[in-house]
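S.K.: One structure is given below, represented as structure tokens, and several questions about it will come after.
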Amino acid sequence: MSKFLLRRLILMLPVLFGIVLITFVIARSIPGEPCTAMYGEKATPAVCEALTIRLGLDKTIPEQFVVYITNALRGDLGESVQRGRPVTDILAERLPTTIELAGIALLFAIMFGVPLGIVAAYYRNSPIDVMTMIVANMGVSMPVFWLALMLKVLFSVTLKDTFLYLPPSGSLPAGYQTNIIPFYVSWGLATKETASPFLIFISRFNILNGFLTLNFDLVFQAGRYLILPAIAVGTIPLAIIARMTRSSLVDALNQDYIRTARAKGLKERVIVTRHGLRNAMLPVITIIGLNFGYLVSGAVLTETIFGLTGVGRTLFEAITARDYQVIQAVTLVVAFSFVFINLIVDLLYGFLDPRIRLS
Amino acid sequence: MQEAVPEANKPISLSQEVYIARPRWVMTLKTLVSNRSAMLGLFIIFFLLMVALFADFIAPYPYDKSMRDTPGYVASGGRLPERPPCIHALGCEDISEHYMGLDRNSRDQFSRIVYGTRISLTVGLVSVSIAILFGTLIGLFSGYAGGWFDDITMRFMDVLLAFPSLLLAIAIVTLREGANLENAMLAIGIVSVPVYARLVRSSVLSLKELEYVTAERALGAGHLRIVFWHILPNALTPLIVQGTLGIGTAVIETAGLSFLGVGASEPIPEWGKMLSDARDLFQNAPHLVLFPGIAITITVLGFNLLGDGLRDVFDPRLRGK
């Protein structure tokens with residue numbers, strides 16, 4: 001297993017290098033001066049020159065690339081021109097929102113997608129199957145931002161005075177943020193002033209922090225605000241997962257070993273879950289890994305709709321402001337996570353299917 | 001594709017193919033017609049094509065004409081420009097009303113949606129054509145040449161695939177200086193090149209080892225002739241399937257770019273742009289959110305259904321399931 005892991009890691013290196021190179025090139029080729037984008041009419045030649053030197057833009061492109069890589073390896077992704085703060089700080093602040101959103105969306109997609117697929121496969125060609133597949137087809141055909149707007153219309157406008165009302169935007173009720181006690185304070189690990197960046201980063205996951213401090217009101221409030229965005233972002237993955245589960249399980253249930261299991265007199269539930277589903281899960285897991293792209297695009301498109309301050313929104317603002325360092329950093333982080341998620345998927349493969357591990 | 005038939009097909013269907021001595025395309029067409037979802041998809045696409053072609057006759061107003069000065073608008077007492085639609089099926093008698101209401105610039109939304117069909121179909125076709133053209137070329141040469149050329153190209157494609165397509169598309173539009181529909185189409189085309197390149201390459205890898213290619217080479221055919229004349233035609237099937245599905249994706253992604261403000265600009269009636277304009281009106285004018293979204297969904301659904309159907313038809317292993 002460790003040999004398998006090592007080989008995979010070595011194979012990843014050129015891809016990771018390529019990602020760094022491409023993000024660097026893209027960020028440098030975005031037309032327009034960051035100086036004018038940042039200072040607007042106040043951009044005098046003197047101001048711009050100072051900024052150019054501060055950002056190292058006066059050096060040659062290869063030189064800039066070397067500086068960029070060495071800094072990145074030390075965890076320094078540069079400084080945001082627009083906000084005048086280190087990019088890593090901005091990311092540390094905003095990543096938790098996006099990760100939480102994507103995580104809950106994925107959870108939603110798996111929790112509903114897999115059972116839907118199982119039911120459709122088991123009762124294939126029945127009305128239930130047809131209905132499920134119609135819903136799944138609609139799901140993949142819907143633009144995520146439209147779904148987001150429609151959910152807002154339904155749950156925040158039409159159902160305004162019912163118990164089903166859900167807030168249209170934001171991540172917590174107004175003024176709630178100040179009452180939150182970070183988990184490291186209530187555990188006595190550190191005070192708000194002395195906490196390490198890692199602890200602060202973890203405590204920014206509202207729902208996780210709520211669980212860790214047994215503050216279930218926080219979990220409830222944060223959850224309420226995340227439901228609509230999570231449904232919006234999770235629907236396409238849900239539909240894809242449902243379709244994949246169905247087709248893969250249909251294949252598995254047609255195999256000889258299923259007939260053998262039936263002949264042995266096993267219960268249907270055992271046949272489907274232990275013999276069918278376990279063998280049908282490989283493609284489903286691949287698809288779940290590949291859905292990461294949808295989750296990120298979904299976050300970019302919906303964070304602004306739901307007023308969430310996450311990475312997607314940050315990226316978009318950075319592009320409008322030509323904030324090179326931020327664009328670079330966000331694309332880098334996203335692409336790297338994609339590569340690592342696929343690595344995890346590959347490892348899961350080996351875990352689920354001994355044949356792959358051995359070969 | 002053909003060489004897989006003896007293994008994958010059960011003896012019964014093999015003998016069927018022997019008995020019915022009809023050309024292959026007739027068989028394929030027959031399977032396609034009996035595939036319900038493909039037919040539904042084809043019907044939707046045909047309908048959309050008709051709407052796009054005859055938009056001038058279907059749309060009651062030009063897509064960029066403000067209704068502020070028309071008698072109907074004045075008669076209504078100059079209500080909110082984005083007033084809810086009068087839906088005739090629900091018993092609305094006022095004929096001068098607008099089927100889907102007016103947008104915030106007092107333009108007839110129904111006409112804009114109708115003209116929008118043209119935009120979306122064009123965008124889908126153009127960007128998929130760009131992707132197929134470059135993807136096929138890269139895949140063909142990379143797969144045929146093999147060696148270091150293949151390694152480098154495919155690693156590069158892997159890198160491109162590591163970015164979520166929307167992010168990359170946004171970046172490309174920004175690079176092209178100026179957000180407009182042409183750049184959006186180009187960006188979406190470029191972003192999906194790796195998908196087609198890998199698809200074609202994998203077909204080429206298996207095709208180039210076949211005897212008929214070796215025979216061709218023995219007869220003295222040049223590389224270009226072998227690649228374009230003998231390998232490409234046999235690699236077309238997965239391309240057609242992926243291309244059909246790709247049009248749907250392209251329509252959704254263009255709408256996404258326009259929604260974010262890096263796609264179509266005023267007064268082009270692009271559906272994503274229309275949604276973007278209506279995003280802050282969702283409380284007072286939900287119909288401005290509803291209809292463009294339905295239009296996008298139906299269009300994408302059409303191409304997805306046809307693509308799925310085509311895949312079932314072309315993949316002999318799935319036949320008769």
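The values are calculated or read from the model by the stated rules, or taken from the named source; none is laboratory data. Quantities reported herein were computed from a predicted structural model and do not represent experimental measurements. Cβ sites come from the backbone with ideal geometry, for glycine too, and all protein chains shown count toward neighbours.
S.K.: Which of (1) away from chain A (no Cβ under 13 Å); (2) under 15 Å from B:Glu253 (Cβ atoms); (3) surrounded by fewer than 21 Cβ atoms within 10 Å (Cβ to Cβ) does B:Gly146 not meet, given it meets every other one?
M.R.: (2)
S.K.: Also, quick follow-up: Inside the range B:272-317, can you point out the residues that are part of a helix (DSSP H, G or I) and of a type in the set (Asp, Glu)?
M.R.: In the first step, residues of the range B:272-317 are kept if they are part of a helix (DSSP H, G or I); the result is B:272-281, B:286-314, B:316-317.
Of everything in the range B:272-317, those that are part of a helix (DSSP H, G or I) and of a type in the set (Asp, Glu) turn out to be B:Asp277, B:Asp280, B:Asp308, B:Asp312.
S.K.: Also, quick follow-up: State whether the residues of the range B:159-182 include one that is surrounded by 21 or more Cβ atoms within 10 Å (Cβ to Cβ), closer than 25 Å to A:Phe336 by Cα and among the aromatic types (Phe, Trp, Tyr).
M.R.: yes
Residue by residue, here is whether (1) at pLDDT 90 or above; (2) closer than 21 Å to A:Thr273 by Cα; (3) not hydroxyl-bearing (Ser, Thr, Tyr) holds:
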residue: A:Thr60; (1), (2), (3): no, no, no
residue: A:Val67; (1), (2), (3): no, no, yes
residue: A:Val87; (1), (2), (3): no, no, yes
residue: A:Ala105; (1), (2), (3): yes, no, yes
residue: A:Pro115; (1), (2), (3): yes, yes, yes
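S.K.: Could you look through the range A:135-175, keep only residues that are aromatic (Phe, Trp, Tyr) and more than 12 Å from every other protein chain (Cβ to nearest Cβ), and pick out the one that is farthest from A:Ala239 (Cα to Cα)? Spell out the reasoning first.
M.R.: Start the filter on the range A:135-175 by keeping residues that are aromatic (Phe, Trp, Tyr), which leaves A:145-146, A:155, A:163, A:165.
Among the residues that remain, those that are also more than 12 Å from every other protein chain (Cβ to nearest Cβ) are: A:163, A:165.
On the way: A:Phe163: 28, A:Tyr165: 25 Å.
For the range A:135-175, the residue satisfying everything is A:Phe163.
S.K.: Within the bounds of the range B:158-168, is there any residue that is in contact with an Asp or Glu (Cβ under 7 Å, 6 or more places away or on another chain) and within 14 Å of another protein chain (Cβ to nearest Cβ)?
M.R.: Step one: filter the range B:158-168 for residues in contact with an Asp or Glu (Cβ under 7 Å, 6 or more places away or on another chain), giving B:165-166.
Retained after the next criterion (residues that are within 14 Å of another protein chain (Cβ to nearest Cβ)): B:165-166.
Yes, the range B:158-168 contains a residue that is in contact with an Asp or Glu (Cβ under 7 Å, 6 or more places away or on another chain) and within 14 Å of another protein chain (Cβ to nearest Cβ).
S.K.: Then there is this: Can you confirm whether the range B:208-221 contains a residue that is touching a Gly at 6+ places or on another chain (Cβ under 8 Å) and not hydrophobic (A, V, I, L, M, F, W, C)? Walk me through how you get there before you give the answer.
M.R.: The first filter runs over the range B:208-221 and keeps only residues touching a Gly at 6+ places or on another chain (Cβ under 8 Å), leaving B:208.
Cutting the leftovers down to not hydrophobic (A, V, I, L, M, F, W, C) gives us B:208.
Within the range B:208-221, one or more residues are touching a Gly at 6+ places or on another chain (Cβ under 8 Å) and not hydrophobic (A, V, I, L, M, F, W, C).
S.K.: For A:Val135, are the conditions met, namely being without any contact (Cβ under 8 Å) to a residue 24 or more places away in the chain and among the β-branched types (Val, Ile, Thr)?
M.R.: Numbers: without any contact (Cβ under 8 Å) to a residue 24 or more places away in the chain: no; among the β-branched types (Val, Ile, Thr): yes.
Considered against the rule, which asks whether it is without any contact (Cβ under 8 Å) to a residue 24 or more places away in the chain and among the β-branched types (Val, Ile, Thr), A:Val135 comes out as no.
S.K.: Just give me the residues in the range B:134-157 being over 27 Å from the mean Cα position of the chain (by Cα) and within 15 Å of B:Lys208 (Cα to Cα), in sequence order. Before the answer, list the steps.
M.R.: Restricting attention to the range B:134-157, the residues satisfying the condition of being over 27 Å from the mean Cα position of the chain (by Cα) are B:144-152.
B:Tyr144, B:Ala145, B:Gly146, B:Gly147, B:Asp150 - these are the residues of the range B:134-157 that are over 27 Å from the mean Cα position of the chain (by Cα) and within 15 Å of B:Lys208 (Cα to Cα).
S.K.: Please work out which residue is nearest to the other protein chains (Cβ to nearest Cβ), limiting yourself to the range A:116-134 and to residues that are surrounded by 15 or more Cβ atoms within 10 Å (Cβ to Cβ) and under 27 Å from the mean Cα position of the chain (by Cα).
M.R.: Per the stated criteria, the residue is A:Met133.
S.K.: State all residues of the range B:263-285 that are in contact (Cβ under 8 Å) with a residue 40 or more places away in the chain and either at the interface with chain A (Cβ under 8 Å from one of its Cβ atoms) or under 19 Å from B:Val128 (Cα atoms) (or both); if no residue qualifies, say none. Break it down into steps so the answer makes sense when it comes.
M.R.: Taking the range B:263-285 first, the residues in contact (Cβ under 8 Å) with a residue 40 or more places away in the chain are B:263-265, B:267-271, B:274, B:277-278, B:281, B:284-285.
The answer is B:Gly263, B:Ala264, B:Glu270, B:Trp271, B:Ala278.
S.K.: State the number of residues belonging to the range B:233-249 that are modelled with pLDDT under 85 and surrounded by 19 or more Cβ atoms within 10 Å (Cβ to Cβ).
M.R.: 1
S.K.: Another question about this same structure. So if I check each of A:Leu348, A:Leu290, A:Leu343, which one is under 14 Å from the mean Cα position of the chain (by Cα) and surrounded by fewer than 18 Cβ atoms within 10 Å (Cβ to Cβ)? First the steps, then the outcome.
M.R.: Values: A:Leu348 fails: under 14 Å from the mean Cα position of the chain (by Cα); A:Leu343 fails: under 14 Å from the mean Cα position of the chain (by Cα).
Among A:Leu348, A:Leu290, A:Leu343, only A:Leu290 is under 14 Å from the mean Cα position of the chain (by Cα) and surrounded by fewer than 18 Cβ atoms within 10 Å (Cβ to Cβ).
S.K.: Continuing with this model, one more query. May I ask you to verify whether A:Ile22 is modelled with pLDDT of 80 or more, of a type outside the set (Ser, Thr, Tyr) and buried (at least 17 other Cβ atoms within 10 Å of the Cβ)?
M.R.: Values: modelled with pLDDT of 80 or more: yes; of a type outside the set (Ser, Thr, Tyr): yes; buried (at least 17 other Cβ atoms within 10 Å of the Cβ): yes.
Taking the combined requirement at face value, the residue satisfies it.
S.K.: Continuing with this model, one more query. Residue under question is A:Ala299, and the condition is that it be closer than 20 Å to B:Gly256 by Cα, among the hydrophobic types (A, V, I, L, M, F, W, C) and either at pLDDT 80 or above or out of contact with any Ser or Thr (no Cβ under 9 Å at 6 or more places or on another chain) (or both); does it hold? Step through it out loud before you land on a result.
M.R.: On the way: closer than 20 Å to B:Gly256 by Cα: yes; among the hydrophobic types (A, V, I, L, M, F, W, C): yes; either at pLDDT 80 or above or out of contact with any Ser or Thr (no Cβ under 9 Å at 6 or more places or on another chain) (or both): yes.
Criteria met by A:Ala299.
S.K.: Check the range A:253-264 and report whether any residue there is within 21 Å of the chain's Cα centre (by Cα), assigned to a helix (DSSP H, G or I) and of a type outside the set (Asp, Glu).
M.R.: Restricting attention to the range A:253-264, the residues satisfying the condition of being within 21 Å of the chain's Cα centre (by Cα) are none.
No, the range A:253-264 contains no residue that is within 21 Å of the chain's Cα centre (by Cα), assigned to a helix (DSSP H, G or I) and of a type outside the set (Asp, Glu).
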